[in-house]
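The values are calculated or read from the model by the stated rules, or taken from the named source; none is laboratory data. The shown structure was predicted, so the numbers you read here are calculated from the model rather than taken from an experiment. We place every Cβ from the backbone using ideal geometry, glycine too, and count neighbours over all the protein chains shown. Accessible surface areas use protein heavy atoms only, side chains included; no ligands, DNA or RNA. Shrake-Rupley method; radii C 1.70, N 1.55, O 1.52, S 1.80 Å.
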Amino acid sequence: MTEKEMIKMTIEEFERLQDYMISTEKDSESYRKMKRRYIALKVILTSSGINLTELDFIKE
């Protein structure tokens, strides 16, 4: 897998995860698990040089 393919896949997962987070109660176990993944994806994307300003609509 190339770096571009990995970044594309990570961005798609990040967007999908945010959609799930929006439709889940913030005080639920599921939301807490999704938030851990959300933070990990933010770290991966930021360290890859991706500007999350437009992509991150949860902003936590």
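Number of residues in segment 10-60 that are basic (Lys, Arg) and under 8 Å from the mean Cα position of the chain (by Cα): the value is 3.
Would you check which residues across segment 40-58 are loosely packed, with under 12 Cβ neighbours inside 10 Å and among the aliphatic types (A, V, I, L, M) and list them? Matches in segment 40-58: Val43 only. Within segment 16-39, the set of residues being open to solvent by 40 Å² or more (accessible area, probe 1.4 Å) and of a type in the set (A, V, I, L, M, F, W, C) comprises Ile22, Ile39.
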